[in-house]
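Below is one structure, written out as structure tokens; comments come after it.
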Amino acid sequence: MEETPPIPLLLTERLRLRPFTLDDAPTVQVLASAAEIADTTLNLPHPYPEDGAKQWISTHADKATASNELTWAICDLTTDEVYGAISLIVRPSYHHAEVGYWMGLPYWGQGYTTEAARAVLAYGFNQLGLERIFARHLARNPASGRVMQKIGMHFEGCQRRHLVKNGQFEDCVNYGIIRSEYAA
């Protein structure tokens, strides 16, 4: 019997969510190097380090196995072109997970992030049996909050001056959804 991969393939109407491969590194390197993306994400540095994509992708298999951190490439369903990334950090003992994402600048405003996030929510609730999935965004990035609202998450509060990004304190806005809300 073949072992189930730790990062499963997820399909939507327009997208294929799949594990990253090292072949994706040049595309990720270009997309993640955009200052606009780094500016509004919690974990992408700018400038993006040379070979940063290769190093990042090489951590995914171990993180999936060791710490239940699943990271998918958000790809075009037919061409497999990489658009961005989405992750689910699962905490089994709490029956919850945090979803996070970034989308390449050329693909902003086309609904891809929302579509990918819906697929990851479905996976979390239906396959993993989670009770709660949550997400957060920098207050000055309301577009990310709109994605969270579109997938049914509810505003849960704002942590003022909670994070430091580029030497500046940032407010962090929190959203979440529980199983019963997802089922409804």
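Taking each DSSP H run with n ≥ 4 as -39500 (n - 2.57) and averaging over every residue of the chain yields -7500 deg cm²/dmol at 222 nm.
When the gyration tensor of region 90-165 is built from Cα positions, what are the square roots of 5 times its three eigenvalues, in whole Å, from largest to smallest?
Details: eigenvalues 88, 63, 22 Å².
With the √(5λ) rule applied to region 90-165, the semi-axes are 21, 18, 10 Å.
A straight line joining the Cα centroids of region 1-57 and region 132-151 runs 19 Å.
The packing ranking of peptides 49-56, 25-32, highest mean first, is 25-32, 49-56, where packing means the average number of other beta carbon atoms within 10 angstrom of each residue. Pairwise inverse Cα distances across region 28-91, averaged and inverted, put the Kirkwood hydrodynamic radius at 12.8 Å. Per 5 Å bin from zero, what fraction in whole % of the C-alpha pairs of region 145-184 is there, up to the bin with the longest pair? Spelled out bin by bin, region 145-184 gives 6, 23, 21, 18, 15, 9, 5, 3, 0 percent.
Per residue, the chain exposes an accessible area of 54 Å² to a 1.4 Å probe, with every protein chain left in place. Other residues lying with their Cβ under 14 Å from the Cβ of Gln110 contribute a combined charge of -1, Lys and Arg counting +1, Asp and Glu -1.
Looking only at the chain, where both bridge partners belong to it, what percent of the DSSP beta bridges are antiparallel (to the nearest 5)? Show your work: numbers first, answer last.
Values: 37 of 40 bridges.
If we restrict to bridges inside the chain, about 90 percent are antiparallel.
Atom-type composition of the exposed protein surface of the chain places 52 percent of the accessible area on carbon and sulfur (1.4 angstrom probe).
Quick check on packing: order 79-86, 90-97 by the mean number of other C-beta atoms within 10 Å, highest mean leading. Can you show the working numbers first?
On the way: 79-86: 19.4, 90-97: 14.5.
Top to bottom by mean Cβ count within 10 Å: 79-86, 90-97.
Once C-alpha pairs closer than 8 Å and six or more residues apart are averaged by separation and normalised to the residue number of the chain, the relative contact order reads 17 percent. Equivalent ellipsoid of the chain: semi-axes from √(5λ) of the C-alpha gyration tensor, largest first, are 22, 22, 16 Å.
With the radius of gyration and the Kirkwood radius both derived from the Cα set of region 1-61, what is their ratio Rg to Rh?
Numbers: Rg = 13.8 Å, Rh = 13.2 Å.
On the Cα set of region 1-61, Rg over Rh gives 1.05.
The values are calculated or read from the model by the stated rules, or taken from the named source; none is laboratory data. The model shown is predicted, which means the values in this text are computed figures rather than measured ones. Every residue, glycine among them, receives a Cβ derived from its backbone with ideal geometry; neighbour counts consider all protein chains shown. Please note that ligands, DNA and RNA were not included when accessible areas were found on the heavy atoms of the full protein model with its side chains. Shrake-Rupley method; radii C 1.70, N 1.55, O 1.52, S 1.80 Å.
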